[in-house]
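For reference, the structure discussed in these notes is given below.
Only the coordinates and a few stated rules stand behind these numbers; no lab work does. Quick caveat, the model's predicted, so the values are computed rather than measured. Positions of Cβ are generated from backbone atoms using ideal geometry, with glycine treated the same way; all protein chains shown enter the neighbour counts.
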Amino acid sequence: MDSVRIDKYLWAIRVYKTRSEACDACSGNKVRINGTVAKPSKAVKIGDLVEVHKGPASLTYKVLQLSENRMGAQLVPEYAEDKTPESERAKLHAPKETVVLRRDKGAGRPTKKDRRTLDALREMLDE
């Protein structure tokens, strides 16, 4: 086996839980092979650098061996070398801010003014 589809490879080395998630990531331009955007059918070879944008982090892997079959987590280091800096890996586990919007019991449905205020607050938090 000289090459494997990138979506199968990312699923096999457990970057994504399902192959369809890996395929969607490739279609959404979130996967690069040696710096070029990879579509799901793009072939990956031994020695290639694969960059995956997953959430806020950018993960980097070097292909050591090829596999189309999903493997146990303990076998993954034999197939892919993780070159991701620790600062990027920390972004995956960063706590997310949560804001609880609550209304007094019996206050009824929000008015248009209340809704606009809530929408403005949500926009401010998303920035």
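Here are some notes:
- Of all residues in the range 80-100, at least one satisfies being within 17 Å of Ser3 (Cα to Cα) and in contact (Cβ under 8 Å) with a residue 40 or more places away in the chain.
- Filtering the range 8-39 to residues that are in a loop (DSSP other than H, G, I, E, B), without any contact (Cβ under 8 Å) to a residue 40 or more places away in the chain, surrounded by fewer than 20 Cβ atoms within 10 Å (Cβ to Cβ) and within 15 Å of the chain's Cα centre (by Cα) leaves Lys17, Thr18, Gly28, Asn29, Lys30.
- Taken residue by residue, the range 61-74 has at least one member that is without any contact (Cβ under 8 Å) to a residue 60 or more places away in the chain, over 23 Å from Ala94 (Cβ atoms) and in a strand (DSSP E or B).
- Residues in the range 40-60 that are without any contact (Cβ under 8 Å) to a residue 40 or more places away in the chain and among the β-branched types (Val, Ile, Thr): 2 in all.
- Members of the range 45-67 found to be closer than 14 Å to Tyr9 by Cα and polar (S, T, N, Q), listed by number: Thr60, Gln65, Ser67
- Check on Leu118, surrounded by 10 or more Cβ atoms within 10 Å (Cβ to Cβ), among the hydrophobic types (A, V, I, L, M, F, W, C) and either part of a loop (DSSP other than H, G, I, E, B) or without any contact (Cβ under 8 Å) to a residue 40 or more places away in the chain (or both): yes
- Filter result (in contact with an Asp or Glu (Cβ under 8 Å, 6 or more places away or on another chain) and more than 17 Å from Asp82 (Cβ to Cβ)) within the range 6-21: Lys8, Arg19
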